[in-house]
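Asks: Dropping a structure here in structure tokens format, bear with me for questions.
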């Protein structure tokens, strides 16, 4: 159901800002709980399954597998407002739309995703627009990545991850392992210099996962730069400047392909809902209940929420369950009691047939969820099959329908 936008104020009991994983799965779950008069505000006509972007970049999935029409995932009985939000006014329970329309709400859930700041690194946007810059953080750039990776026979490829909050930080590494395994199969890996730049002291941050990833890094001959970040790109000369944050020294590298994850933050218009201490501008919520710390009719989850966990689809799934239960309680006049435990996960595709599955809490301590399955964080073929084929089916047929 699509609403025509006009300037008259309309009202919905629950307004959900964002029609991605967070917004659609939450709307579906609320409908299953019997909540009515829900609207989702989302401008895009296509719905993307972002975890497949890494596979698209690495040549293990086709682009069309990650896309469906937005209209096909809107839950039955939910109004789709095809517009963008420019401001939430929590004192008047009003959402302002880019079209000039206004939407009143009883409760609002803010989940527009994360903002990719390509201009935060000088020259990075120009590099992405050039023939040699790619990223699995944008759908179009992911398909471009595989075109470059599969044709490369020698040269230097640089993979970078920014400092600060980022959606699924491990995703910045996944195409690298897929590409390295492909180059090894083609017999050209020894002719390709691969450099991985991460801002963290170790490759990930969890001991058991670091051990597995370091083993694969050594196996592929990848040069790892920890506590480092991309500070400048010269797209014309195809050079990058990498700064070591411990020594404050810089290194210039010439690249044949640059795969970069951009610096990220909450959308700029969320500043009225953020905490002054949060430089990323994320919605200031109680990390347990996901309710705003100052405005009781405002909630947030997913990448835009100011929670301590690593931002990922696995974290979002847990948050959706908690927020849906808490909203249902508040609508019934009860106190919200469900609590989010900081869980997150990241499946690292370390080859074209194996995955290292990392489950952890908001302090990167292991947090396994499958009883009796020890060693889940070890490289396995089975977890590849689950991640590559099981998770997409789970997403399209169960998560987006509020059933998982």
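Asks: Just to be sure, is residue 135 farther than 21 Å from residue 244 by Cβ and crowded, with 16+ Cβ neighbours inside 10 Å?
Replies: Considered against the rule, which asks whether it is farther than 21 Å from residue 244 by Cβ and crowded, with 16+ Cβ neighbours inside 10 Å, residue 135 comes out as yes.
Asks: Is there a residue in region 340-349 that is more than 27 Å from residue 306 (Cα to Cα) and either in the same structural domain as residue 308 (by TED's automatic domain parsing) or surrounded by fewer than 19 Cβ atoms within 10 Å (Cβ to Cβ) (or both)?
Replies: No - not one qualifying residue is present in region 340-349.
Asks: If you scan region 205-245, which residues turn out to be touching a helix residue (DSSP H, G or I) at 6+ places or on another chain (Cβ under 7 Å) and closer than 15 Å to residue 261 by Cα?
Replies: Answer for region 205-245, where residues must be touching a helix residue (DSSP H, G or I) at 6+ places or on another chain (Cβ under 7 Å) and closer than 15 Å to residue 261 by Cα: just 233.
Asks: For residues that are crowded, with 20+ Cβ neighbours inside 10 Å and within 23 Å of residue 366 (Cα to Cα), scanning just region 203-224, find the one that is modelled with the lowest pLDDT.
Replies: Per the criteria, the residue is 206.
Asks: Any residue that is in a loop (DSSP other than H, G, I, E, B), farther than 20 Å from residue 251 by Cβ, in contact with a strand residue (DSSP E or B) (Cβ under 6 Å, 6 or more places away or on another chain) and in contact (Cβ under 8 Å) with a residue 12 or more places away in the chain - is there at least one of those in region 198-207?
Replies: Yes, region 198-207 has at least one match.
Asks: Pairs only if they're at least six apart or on different chains, beta carbon under 7 angstrom, first in region 53-65 and on the phi > 0 side of the Ramachandran plot and at pLDDT 95 or above, second surrounded by fewer than 23 Cβ atoms within 10 Å (Cβ to Cβ) and outside any loop (DSSP other than H, G, I, E, B); list them, first residue then second.
Replies: Within 7 Å, the pairs are 59/150; 59/182.
Asks: Pick out, from region 1-118, the helices (runs of 4 or more DSSP H) lying fully within it that include 2 or more residues that are within 21 Å of residue 305 (Cα to Cα) and in contact with a strand residue (DSSP E or B) (Cβ under 7 Å, 6 or more places away or on another chain).
Replies: 21-32
Asks: Among the residues of region 278-295 satisfying the criterion of being within 17 Å of residue 339 (Cβ to Cβ) and assigned to a loop (DSSP other than H, G, I, E, B), which is farthest from the chain's Cα centre (by Cα)?
Replies: Result: 293.
Asks: Count, please, the residues in region 321-352 that happen to be without any contact (Cβ under 8 Å) to a residue 60 or more places away in the chain, part of a loop (DSSP other than H, G, I, E, B) and over 21 Å from the mean Cα position of the chain (by Cα).
Replies: Qualifying residue count for the region: 8.
Asks: Could you tell me which residue of region 142-183 is surrounded by the most Cβ atoms within 10 Å (Cβ to Cβ), considering only residues that are in contact with a helix residue (DSSP H, G or I) (Cβ under 6 Å, 6 or more places away or on another chain) and assigned to a strand (DSSP E or B)?
Replies: 159
Asks: Is one or more of the residues making up region 249-259 in contact with a helix residue (DSSP H, G or I) (Cβ under 7 Å, 6 or more places away or on another chain) and either in a loop (DSSP other than H, G, I, E, B) or closer than 23 Å to residue 404 by Cα (or both)?
Replies: So far as region 249-259 goes, no, none of its residues is in contact with a helix residue (DSSP H, G or I) (Cβ under 7 Å, 6 or more places away or on another chain) and either in a loop (DSSP other than H, G, I, E, B) or closer than 23 Å to residue 404 by Cα (or both).
The values are calculated or read from the model by the stated rules, or taken from the named source; none is laboratory data. Just so it is clear, the structure is predicted and the values come from calculations on it, not from any experiment. Reconstructed Cβ throughout: ideal geometry from the backbone, glycine too, with neighbour counts over all protein chains shown.
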